[in-house]
Amino acid sequence: MNREEAVLRELNLYPLWKRRGEVASAPVQEAEVVEQKIEMPPNKNREQPIGELSWTELKVTVRSCATCKLRAGCTQTVFGVGDEKADWLFVGEGPGADEDALGEPFVGQAGKLLDNMLAAIKLKRGNNVYIANIVKCKPPVDESGKQLPPKPDEIATCLPYLQRQIGLIRPKVIVALGKTAANALLGKEATLGSLRGTLYEYQGVPLLVTYHPAYLLRSPMEKAKAWQDLCLAVETMKGLN
């Protein structure tokens with residue numbers, strides 16, 4: 001079995017779904033950030049100063065942010081990881097317990113599946129790919145232990161950080177992973193089913209929507225649809241080159 005066939009089998013595009021062991025990929029080493037205090041002008045729109053920050057300033061600002069209540073319930077902020085000049089940007093909802101512990105997005109089982117999804121379209125974490133979330137702090141869990149989606153006010157507070165990341169990266173294609181990420185970026189409230197299969201724009205950048213890897217772990221039969229979305233993303237990228 002060749003490499004491509006093996007990856008497609010991982011994505012449930014063959015009759016039998018078998019989970020591969022942990023994908024061997026070295027974590028991207030973020031440059032050390034020099035701690036510094038960044039003064040935000042009082043009584044000013046937060047988006048304006050954030051929109052002028054450098055990478056270093058933005059990382060320090062996110063690390064020290066306590067603007068919403070999510071920060072009090074997490075271990076650390078999860079900024080994002082990858083190539084800071086990447087053509088591809090993948091955006092999820094928010095950190096989970098594994099991400100909160102390690103400080104990197106998509107490092108649990110959903111992260112392993114995302115790595116497989118990237119491999120299926122000949123991409124690799126950290127290589128022309130950047131991965132981030134709508135919110136930088138882990139949302140709480142409900143009584144059953146299921147992680148809750150971030151609330152609208154939490155999204156509104158944190159979204160300027162992602163917007164600045166997008167402005168600094170200048171990706172060619174954005175892939176929104178899941179309903180929460182898609183609706184936050186598109187500024188609407190719609191079902192994932194109604195958003196899939198359509199090419200949108202975010203500040204002039206083509207944006208496509210697919211399932212969140214965590215959902216695909218719970219609903220493996222939807223992986224064939226996710227493959228269709230990834231193929232559309234690839235065709236979109238080809239059209240830009």
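The values are calculated or read from the model by the stated rules, or taken from the named source; none is laboratory data. Quantities reported herein were computed from a predicted structural model and do not represent experimental measurements. No Cβ is skipped: glycine too gets one built from the backbone with ideal geometry, and neighbour counts run over all protein chains shown.
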- Task: Can you work out which of the residues in the range 168-194 that are modelled with pLDDT of 95 or more and among the basic types (Lys, Arg) is surrounded by the fewest Cβ atoms within 10 Å (Cβ to Cβ)?
- Result: ARG170
- Can you tell me which residue within the range 111-126, out of those that are of a type in the set (Lys, Arg) and outside any loop (DSSP other than H, G, I, E, B), is nearest to LYS238 (Cα to Cα)? LYS124
- Item | Subset of the range 195-231 that is of a type in the set (Gly, Ala, Ser) and buried (at least 19 other Cβ atoms within 10 Å of the Cβ) - its residue that is modelled with the highest pLDDT | ALA226
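Yes/no matrix, rows are residues, columns are (1) more than 16 Å from GLY178 (Cα to Cα); (2) modelled with pLDDT of 95 or more; (3) of a type outside the set (Ser, Thr, Tyr):
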residue: GLY126; (1), (2), (3): yes, no, yes
residue: VAL129; (1), (2), (3): yes, yes, yes
residue: ALA132; (1), (2), (3): no, yes, yes
residue: VAL135; (1), (2), (3): no, yes, yes
residue: VAL141; (1), (2), (3): yes, no, yes
residue: GLY145; (1), (2), (3): yes, no, yes
residue: LEU148; (1), (2), (3): no, no, yes
residue: GLN163; (1), (2), (3): yes, yes, yes
residue: ILE166; (1), (2), (3): yes, yes, yes
- Among (1) outside any helix (DSSP H, G or I); (2) farther than 22 Å from TYR211 by Cβ, where does PRO105 come up short? (2)
- Query: For GLN163, which of the numbered conditions (1) under 24 Å from ASN128 (Cα atoms); (2) without any contact (Cβ under 8 Å) to a residue 24 or more places away in the chain; (3) among the polar types (S, T, N, Q) fails to hold?
  - Reply: (2)
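Counting just the residues of the range 81-92 that are in contact with a Pro (Cβ under 8 Å, 6 or more places away or on another chain) and surrounded by 24 or more Cβ atoms within 10 Å (Cβ to Cβ), which one comes out nearest to ILE134 (Cα to Cα)?
Residues of the range 81-92 in contact with a Pro (Cβ under 8 Å, 6 or more places away or on another chain): 81, 86-89, 92.
Remaining after also requiring surrounded by 24 or more Cβ atoms within 10 Å (Cβ to Cβ): 89, 92.
Numbers: LEU89: 12, GLY92: 6 Å.
Ranking the qualifying residues of the range 81-92, first place goes to GLY92.
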- Task: Select from the range 61-78 the residues that are surrounded by fewer than 20 Cβ atoms within 10 Å (Cβ to Cβ) and either assigned to a loop (DSSP other than H, G, I, E, B) or not polar (S, T, N, Q) (or both) and list them in ascending order.
- Result: ARG63, CYS65, ALA66, THR67, CYS68, LYS69, ARG71, ALA72, GLY73, THR75, GLN76
- Note on the structure: Within the range 180-203, residues farther than 12 Å from ALA233 by Cβ and in contact (Cβ under 8 Å) with a residue 24 or more places away in the chain come out as THR180, ALA181, ALA182, ALA184, LEU185, TYR202, GLN203
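For (1) surrounded by 20 or more Cβ atoms within 10 Å (Cβ to Cβ); (2) without any contact (Cβ under 8 Å) to a residue 40 or more places away in the chain, each residue gets a yes or a no:
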position	(1), (2)
ASP98	no, yes
GLY111	yes, no
ASP115	yes, no
LEU118	yes, yes
VAL129	yes, no
VAL135	yes, no
VAL141	no, yes
ILE155	yes, yes
LEU159	no, yes
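When residues of the range 143-153 are filtered for being surrounded by fewer than 20 Cβ atoms within 10 Å (Cβ to Cβ) and either touching a His at 6+ places or on another chain (Cβ under 7 Å) or in contact (Cβ under 8 Å) with a residue 24 or more places away in the chain (or both), how many remain? Spell out how you get there, then give the answer.
Taking the range 143-153 as the starting set, the residues that turn out to be surrounded by fewer than 20 Cβ atoms within 10 Å (Cβ to Cβ) are 143-149, 151-153.
Right, trim to either touching a His at 6+ places or on another chain (Cβ under 7 Å) or in contact (Cβ under 8 Å) with a residue 24 or more places away in the chain (or both) and you get 147, 149, 153.
Summing the residues that are surrounded by fewer than 20 Cβ atoms within 10 Å (Cβ to Cβ) and either touching a His at 6+ places or on another chain (Cβ under 7 Å) or in contact (Cβ under 8 Å) with a residue 24 or more places away in the chain (or both) in the range 143-153 gives 3.
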